[in-house]
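Peer 1: One structure follows; several queries about it will come next.
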Amino acid sequence: MEPSYILATDVGSTTTKARFFGKVDGRWRFIASGEAPTTVEKPVEDVTMGVRNAIREVEELTGHMIMDNAKEELSILMPYKGDKVGVDIYVSTSSAGGGLQMLVQGVVKSITAESAQRAALGAGAIVMDVLSVDDGRDDYYKIETLRFLRPDIVLLAGGTDWGDKTHVLEMTELLSKARPRPRLGAEYRLPVVYAGNVAVREDVKKMLKNDFEVIITDNLRPKIEVEEVEQARNAILYLFMEHVMAHAPGYDKLKKLVSTSIMPTPAGEGMMIRTFSEMKRVNVIGVGLGGATTNIYSNFEGRFLRTVSANLGMSYSVGNVFKEAGAENVLRWIPFEMDVKDLMEVVYNKMIRPTTIPITVEDLVIEHSLAREAIRLGFNHHKYLARELKGVKKERTISDIFEEVKPEDTYIEMFNVSHIIGTGGLLSRAPRRNQSMMILTDAFQPRGFTSLLQDSVFMMPHLGVLSTIQKEIALDIFEKECLVYMGTVVAGVGTDKIGAKVATIELEWEDKKKTLDLSFGQIIREPIPKEINVKIRVNPSSNFDFGNGFGKSIERTISGGVVGVIFDGRGRPIYLPEDEKERKKLLISWYDSINLYPESKIEEWRKGL
C-alpha cells in the first residue's frame, strides 16, 4: 500500500531538521519543515529531545499530529490513521558529533589505500588520515598518529587474495601496538573492518581480537585490476549504526522509531545523487558546499564516488580555502580594486565570526570568489580519486590533490556529464539564482551541454535515505519540490584571441528562430524557461570543440530554467587576461551579461577602471 505521509529528520551537529511530505491531490508535496537545536550534549544529552522539538514545529504549522504526546519518551504515530493523525514512514540521517570519522590503512598508497579511501568516503565518512607502508612515514610516527587520533571506525585493507602477506600483517601489527581509542564511549572496543587479502584473515583476527571488534568483509582489491568496495561500504554503514551511534546519547531510542537504518548525512546526500543518476540514466556531478567541508559526488557510467575535503568550507574552514587556493586565484574573480591585504582582512573577519553573512555587494562578490575556489579545489581532490585502476602509479604526495588534475588522469569526461547539482547554504540562499549558476559554472567548467540544478531547501539527505525504501517517491519529490532547474550551459573547449569567433548558434523553439554569433571571451544569456524545449545547432570555428570534435557542428534539444540558457564563449579552461585592467573589464562584461549583481554596482565598477 502506498504511503500517504512521510516524516524525515536530520540530526545535525548543531541543528536538527524535520521535513514533512504528503500526497496532496494525487501528487507528492513538501508540506512543512521544523528546526530545533540538536540536544546531543549536556545538560540534555538525548538527541530525541531535539527531534521532538523540530517535529513539534511541524505539528504547529500543519495541525497534523505526528507524535504520541501522551508518552514521556518520543513516540511517532505510525501508520497514518486518517484525519491528520500519524505518518506511514519515518526516516532519519545524522551528522551529530561531527558525523562518521574514520581512519584508513592500506599497503600501497596508490592502490589498496586509495581503494579503502573510496570505500570510506562512499559510506559518508570523513577520512582523518590514510596510512600505508609506502607513505614515507616512519613506524614510530605512524604509531603516534594512530594513538593521537580518535576514530569511530578503522578500515584495514591490503594485498590481493592469496598474495603476499608480509605488508598486511605489518600494518596490522602497527594498529595492534598503537591501540587507538574510539571517539565515543570509552567502554566499547573500536571496530576494525578488514577488507584485505583473504589468506591472512585469521591472523588479523588473532592479532586484534583482544583490543578491537574485527569485522571481515570481501577484499577491496581481490585482483590488482579489480576494485569491489560495496561490501566494505555496507559494513561501515552497519557499524555506524550498531557501534558508533549506539554510544551517542538517545540514539538507541531513535533507532527503534525509524522505518530504515539511520544514515550519515553525507551518505544520504550522495544516495540521492546516485538515485537521480541511475533512475534518469544520466551522468551527474554534485557538490555539497558546507561551512566546514566540501563534498563532491559523481555517478559516472555506473561508478559512484564521493569525496570530502574536510578542510574546505565557507565559514569554519574559509581560512583553509584562502590558503590552499592562494590570494591570486581568489582575486582573479573580483572586478573591483582590492589588494591582498584587504582581501586577507575580509577572510580573517570571517574566520573570527564564521556565521556572519555578507552585508555589501562587494563582500558578497568576495564570498562567491572563495566559493568558486572551494569547489574547484574539492573537484580536483575528487578527480584525483576518480581514476582508472592501475597496478603501478606514479609517486604522488598529499599536496597533489590540490593541483590541477589533467583530463587524462580521471575517468570523468566532462562532455559526458549532463547534470550538475549544487546544495549547501551559500548556493541555496544566494540572493539570485544567476549567482549560484555562475559559481557552479566557473568552478566545474562544464563542457558541451550541461543542465545546472540546485537544491532549494536542503532536502537531499532526507530524500536520499527515503530512496532506500521508496525510490520513485523520493525521486518525484526531489524533482518537483526540491530541485530548481537553473538552466543549461553550452560551452566549448578551446582558446583564441579575445573577440575571435567561437561559433554560430542557431536556436529554434515553438514558432521562434534565432541566430547568435558567439565571440571568445563573451557570455550570452537567453532567458528560456524550463518548460520550453529548444533545438540548438552549434557551428564552431576550427579552434573549438562543443562535443563533436574541433570545428564540427553539433545538434541538441535542451531546456532552459529560471536563469535560462547560457552560451559560454570563454573557452576551456576559462581564459582570464593577465593584465589586471583587461581582466576586470572582462569580468564586468560577464557579470553584466548574466545579470549577476545590481546594475548600479556594475556601472560603479566599470567607472572605476
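The values are calculated or read from the model by the stated rules, or taken from the named source; none is laboratory data. Bear in mind the structure is a predicted one, so any value in this text is a computation, not a measurement. Heads up, the Cβs are rebuilt from the backbone with ideal geometry, glycines too, and the neighbour counts pull from every protein chain shown.
Peer 1: Which one is surrounded by the most Cβ atoms within 10 Å (Cβ to Cβ) among residues in region 311-358 that are part of a loop (DSSP other than H, G, I, E, B) and of a type in the set (Val, Ile, Thr)?
Peer 2: Among residues in region 311-358 that are part of a loop (DSSP other than H, G, I, E, B) and of a type in the set (Val, Ile, Thr), the one surrounded by the most Cβ atoms within 10 Å (Cβ to Cβ) is Ile334.
Peer 1: Taking into account only those residues within region 444-454 that are crowded, with 23+ Cβ neighbours inside 10 Å and within 15 Å of the chain's Cα centre (by Cα), which is modelled with the lowest pLDDT?
Peer 2: Gln454
Peer 1: Picking from Arg221, Arg233, which residue would you name as being at pLDDT below 90 and touching a Gly at 6+ places or on another chain (Cβ under 6 Å)?
Peer 2: Being at pLDDT below 90 and touching a Gly at 6+ places or on another chain (Cβ under 6 Å) holds for just one of Arg221, Arg233, which is Arg233.
Peer 1: Right, something else. Tell me the residue from Val91, Val44, Val51 that is among the aliphatic types (A, V, I, L, M), closer than 19 Å to Lys253 by Cβ and in a strand (DSSP E or B), please.
Peer 2: Val91
Peer 1: So which of Val108, Val44 is aliphatic (A, V, I, L, M), within 30 Å of Glu144 (Cβ to Cβ), surrounded by fewer than 24 Cβ atoms within 10 Å (Cβ to Cβ) and not assigned by TED's automatic domain parsing to the domain that holds Ala474?
Peer 2: Val108
Peer 1: Only one residue in Gly286, Gly291 is in a loop (DSSP other than H, G, I, E, B) and either under 14 Å from the mean Cα position of the chain (by Cα) or under 19 Å from His462 (Cα atoms) (or both), so which one is that?
Peer 2: Gly291
Peer 1: Quick one: which of Val287, Val258, Val318, Val330 is out of contact with any Leu (no Cβ under 9 Å at 6 or more places or on another chain) and modelled with pLDDT of 85 or more?
Peer 2: Unique residue meeting the criteria: Val258.
Peer 1: For Val457, only one of the following conditions fails: (1) surrounded by fewer than 20 Cβ atoms within 10 Å (Cβ to Cβ); (2) in a helix (DSSP H, G or I). What is its number?
Peer 2: If we test Val457 against (1) surrounded by fewer than 20 Cβ atoms within 10 Å (Cβ to Cβ); (2) in a helix (DSSP H, G or I), just (2) comes out false.
Peer 1: Something else now. Given (1) free of Cβ contacts under 8 Å to residues at least 12 places away in the same chain; (2) touching a helix residue (DSSP H, G or I) at 6+ places or on another chain (Cβ under 9 Å), where does Ser13 come up short, assuming only one miss?
Peer 2: (1)
Peer 1: Could you tell me how many of the residues in region 192-222 are under 20 Å from Glu114 (Cα atoms) and either of a type in the set (Phe, Trp, Tyr) or not assigned by TED's automatic domain parsing to the domain that holds Glu114 (or both)?
Peer 2: Selection size over region 192-222: 1.
Peer 1: Those residues that are out of contact with any helix residue (DSSP H, G or I) (no Cβ under 6 Å at 6 or more places or on another chain) and either outside the structural domain of Val107 (by TED's automatic domain parsing) or not hydrophobic (A, V, I, L, M, F, W, C) (or both), I need them from region 223-234; list them, please.
Peer 2: Lys223, Glu225, Glu228, Glu230, Gln231, Asn234
Peer 1: Then there is this: Quick check: is even one residue across region 531-548 over 21 Å from His419 (Cβ atoms), touching a strand residue (DSSP E or B) at 6+ places or on another chain (Cβ under 7 Å) and in contact (Cβ under 8 Å) with a residue 60 or more places away in the chain?
Peer 2: no
Peer 1: Going through region 561-609 one residue at a time, which ones are assigned to a helix (DSSP H, G or I), among the hydroxyl-bearing types (Ser, Thr, Tyr) and within 21 Å of Thr450 (Cβ to Cβ)?
Peer 2: Hits for region 561-609 are Tyr591, Ser593.
Peer 1: Given the conditions (1) surrounded by fewer than 16 Cβ atoms within 10 Å (Cβ to Cβ); (2) among the β-branched types (Val, Ile, Thr); (3) part of a loop (DSSP other than H, G, I, E, B), and given that Thr504 satisfies all but one, which numbered condition is not satisfied?
Peer 2: (3)
Peer 1: Let me ask you something else. Please specify each residue of region 549-594 satisfying the condition of being without any contact (Cβ under 8 Å) to a residue 24 or more places away in the chain and on the phi > 0 side of the Ramachandran plot.
Peer 2: Residues satisfying the conditions are Gly549, Gly551.
Peer 1: Between Gly82, Gly22, Gly26, which is buried (at least 21 other Cβ atoms within 10 Å of the Cβ) and either out of contact with any Ser or Thr (no Cβ under 6 Å at 6 or more places or on another chain) or modelled with pLDDT of 90 or more (or both)?
Peer 2: Gly22
Peer 1: List every residue pair whose Cβ atoms lie under 6 Å apart, where the two residues are 6 or more positions apart in sequence or sit on different chains, the first residue falls within region 339-352 and is within 16 Å of Ala292 (Cβ to Cβ), and the second residue, located anywhere, is at pLDDT 90 or above and loosely packed, with under 10 Cβ neighbours inside 10 Å.
Peer 2: Taking only residues 6 or more apart or on different chains, not a single pair turns up.
Peer 1: Further question on the same structure: Could you tell me which of the residues Val168, Val154 is over 28 Å from Thr468 (Cβ atoms), at pLDDT 90 or above and crowded, with 24+ Cβ neighbours inside 10 Å?
Peer 2: After ruling out the rest, the residue left standing is Val168.
Conditions (1) in contact with a strand residue (DSSP E or B) (Cβ under 6 Å, 6 or more places away or on another chain); (2) within 22 Å of Phe240 (Cα to Cα); (3) not assigned by TED's automatic domain parsing to the domain that holds Ser428, marked per residue:
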site: Met263; (1), (2), (3): yes, yes, yes
site: Met271; (1), (2), (3): no, yes, yes
site: Leu289; (1), (2), (3): no, no, no
site: Tyr297; (1), (2), (3): yes, yes, no
site: Phe300; (1), (2), (3): no, no, no
site: Asn311; (1), (2), (3): no, no, no
site: Ser315; (1), (2), (3): no, no, no
